[in-house]
Structure formats: C-alpha cells, structure tokens
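Below is one structure; the comments refer to it alone.
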Amino acid sequence: MEEAAGRNQHHHQQQRHFWGDDPADEEEYYASQGIRGTSSSFASPGGLSLFARSWLPSSSPPRALVCMIHGYGNDISWTFQATPIFLASHGFACCAIDLPGHGRSPGLRAFLPDLSAVADDCLAYFDSVRRSPELRGLPCFLYGESMGGALCLLIHLRDRRPEAVWRGAVLVAPMCKISDSIRPRWPIPQVLTFVARLAPTLPIVPTADLVDKSVRVEAKRKVAASNPLRYRGKPRLGTVVELLRATDDLGSRLSEVTLPFLVLHGSADVVTDPAVSRALYDAARSEDKTIRIYEGMMHSLLFGETDENVALVRNDILAWLNERCGGARR
C-alpha cells in the first residue's frame, strides 16, 4: 500500500495538468464531475489577452454565477479549479481569469504594479460573462482567495452601479490589510518604495515559499508545488510596494464595505492574518455578514488541509450561497 501511495504521489508531481497527463483528458475529467468546462481568451481594458475558464453544471440550468479571483502567484488551471468544480457540481456557474503575469495570461511573471487596473480587468471580464445568454439575469457573487479577496473588495468599492449587481462575496483568507504584527517596520516600506521607483521588476524581496507556509498536508504540498504555471521566484519590488499601498487603502476603508459577505480564515494562517478578517467583520457596514475562523487551519483552506477540513469549508460556502439563492437545489 505504501508503495502504491508513493507511485501516486510521484504521478501527481509529474502530471502536466490538474486532471492528468493528456490535455485531451480535460473534457472527460469535467464530465466525470458532472460539469462542463470551457477555456477562452478575454481582451482586457489594458490591452492584454487574458486566459479565462468557466465551469457550469451539465445537467440543469445554473442557479447563480460565481465570479472568482485567484491569489498571488497562483492560476486557475491547477488546485484552484477544485472549488469551481465543486460549486458547478452543485448548480453554480463559475468563471475566472488568470490575472496579468499569472498562469497562461501574458505579462511579466507575478508583476502587478497597479491592483486597481487589475480589478478593472476582472470587472470587465465578469461583466462580459454576465451578458452571455445562458447566464444573463442570474444572481451574481464575487469570490476571492487571498489577494483575490482584496481584489473583490476593490471591485466592490470601485463599482459605482447599484449594489443589486452583486448579491455578495465569499472572501477566503483575504489579504485586505497588512496586519501590524507582520507589516515591515519603518523604514523598510519607505526603502522598498524608493528602490521600486528605480527597478520595480526586480525579484529580490526575501520570503519563504508560499506553498510551505500555506499547505498543511504533505502529499498535497507536493501536488501544489508541481504546478508548472506557479510562480516560484521572489516577489518583485513593484508588486510588494503595490500590495502595501493597496492594502493600506483597503484597511482604511473597511467601514465603507456594505456588500453582503462570508469571510473565512484559518487561525494558524501565517500568510494573511485572521485578525484582519475579524477587523473587516467588525468594521464593515454590511447588514448581512458572516465570519468563520477555523481552529488550527492554515492559508490554503480549500486544498491544503485534510479532506475532512476541506469538505467543512466547502460546505460552509455552499450553505451560504444556497441561503441567498432560495435554498439548496433539489
């Protein structure tokens, strides 16, 4: 049995795609999960052709649309897919793009000098999906993991349309403010900002590998690390400075949040601070807000934990969505 497990782990490390070795297996894999999957490109307002995916239930019309944003260094074609596949199998249409410089989208790897522009790219893509005949008129939700959670809040704060456009947001370990306990001390932010003006693309900011700090289960850590599209370099100066700026701005505007939301965080998360999720929950003016802090869980709530823990988080998300869409699908 141990030998078989070892072969299985080795296979995960070598496979070229989330679903296996052969690109032709993608459609078969989706069918086995009871969903339809598509891939396409989206011409962003910034002039980039961004890689996009959608996941839809195959046996019935979708009940709602979940517009999803991945985190820093990640992409939508590997472990991130597990969540939209799960949601699509329960009746929810899902869509997402690889952010600029991530996954199959063009751009310097993991270089994000302007998160507001990225939020505008995401919103333009989501609007294009919402207009498709199959999905027009459905309730719409935002969903973001880590940095994607920050982008969801940026979209909410930047979108001037009526709030009825978005029924709510699911924020998984959101990077919506840099906690004072882990924020670089003066004068480091000032030094980084100065140097970034001269060489914003330099990948020199020291940090531990995020997979090691995010994923609890060792076998799953190997799967996550084997993602051929994952960014493995050091964070670039311009990206770090922009994350500090954007999260400072978000942190000062938490009381402006009025969107219904579910925020989920692991108490043992050292990548983003669960105390910041509590601060968001306390400060937001949303009438409909829910927080879940999972004791002992780390940053990768929806892949890196034990299967039992992942199922717990998934089912909390599903129950929250179901309650805002008229109950579970029968």
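The values are calculated or read from the model by the stated rules, or taken from the named source; none is laboratory data. All values reported here derive from a predicted model rather than from experimental measurement. Backbone-built Cβ (ideal geometry, glycine too); neighbour counts: all protein chains shown.
Are any residues in the stretch 102-149 at positive phi and without any contact (Cβ under 8 Å) to a residue 40 or more places away in the chain, and if so, which ones? Within the stretch 102-149, Gly137 is the sole residue that qualifies.
Among Ser54, Ser49, Ser77, which is of a type outside the set (D, E, K, R) and over 18 Å from the mean Cα position of the chain (by Cα)? Walk me through how you get there before you give the answer.
Numbers: Ser54 fails: over 18 Å from the mean Cα position of the chain (by Cα); Ser77 fails: over 18 Å from the mean Cα position of the chain (by Cα).
Going through Ser54, Ser49, Ser77 in turn, just one is of a type outside the set (D, E, K, R) and over 18 Å from the mean Cα position of the chain (by Cα): Ser49.
Residues are listed down the side, and each one gets a yes or a no for (1) closer than 10 Å to Cys176 by Cβ; (2) not polar (S, T, N, Q):
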residue: Thr258; (1), (2): no, no
residue: Val271; (1), (2): no, yes
residue: Ser277; (1), (2): yes, no
residue: Asp282; (1), (2): no, yes
residue: Lys289; (1), (2): no, yes
residue: Arg292; (1), (2): no, yes
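Note on the stretch 190-241: among residues that are among the hydroxyl-bearing types (Ser, Thr, Tyr) and in a helix (DSSP H, G or I), the one that is farthest from the chain's Cα centre (by Cα) is Thr193.
Looking at Ile182, Ile178 in this structure, which one is closer than 24 Å to Leu108 by Cβ and either at pLDDT below 95 or assigned to a loop (DSSP other than H, G, I, E, B) (or both)? Selected residue: Ile178, the only one of Ile182, Ile178 that is closer than 24 Å to Leu108 by Cβ and either at pLDDT below 95 or assigned to a loop (DSSP other than H, G, I, E, B) (or both).
The set of residues in the stretch 242-268 that are in a loop (DSSP other than H, G, I, E, B) and either of a type outside the set (Val, Ile, Thr) or surrounded by 20 or more Cβ atoms within 10 Å (Cβ to Cβ) (or both) comprises Ser252, Arg253, Val257, Leu259, Pro260, Ser267, Ala268.
Scanning the stretch 26-68 for residues that are under 19 Å from Arg130 (Cβ atoms) and either in a loop (DSSP other than H, G, I, E, B) or among the hydroxyl-bearing types (Ser, Thr, Tyr) (or both) gives Thr38, Ser39, Ser40, Ser41, Ser44, Pro45, Ser54, Pro61, Pro62, Arg63.
Is there any pair with a first residue in the stretch 258-282 that is among the acidic types (Asp, Glu) and a second that is crowded, with 21+ Cβ neighbours inside 10 Å whose Cβ atoms are under 7 Å apart and which are 6 or more apart or on different chains, and what are they? Qualifying pairs under 7 Å: Asp269/Ala173; Asp269/Met298; Asp269/His299.
Among residues that are touching a residue at least 12 places away in the same chain (Cβ under 8 Å), closer than 23 Å to Thr247 by Cβ and in a strand (DSSP E or B), Thr290 is included.
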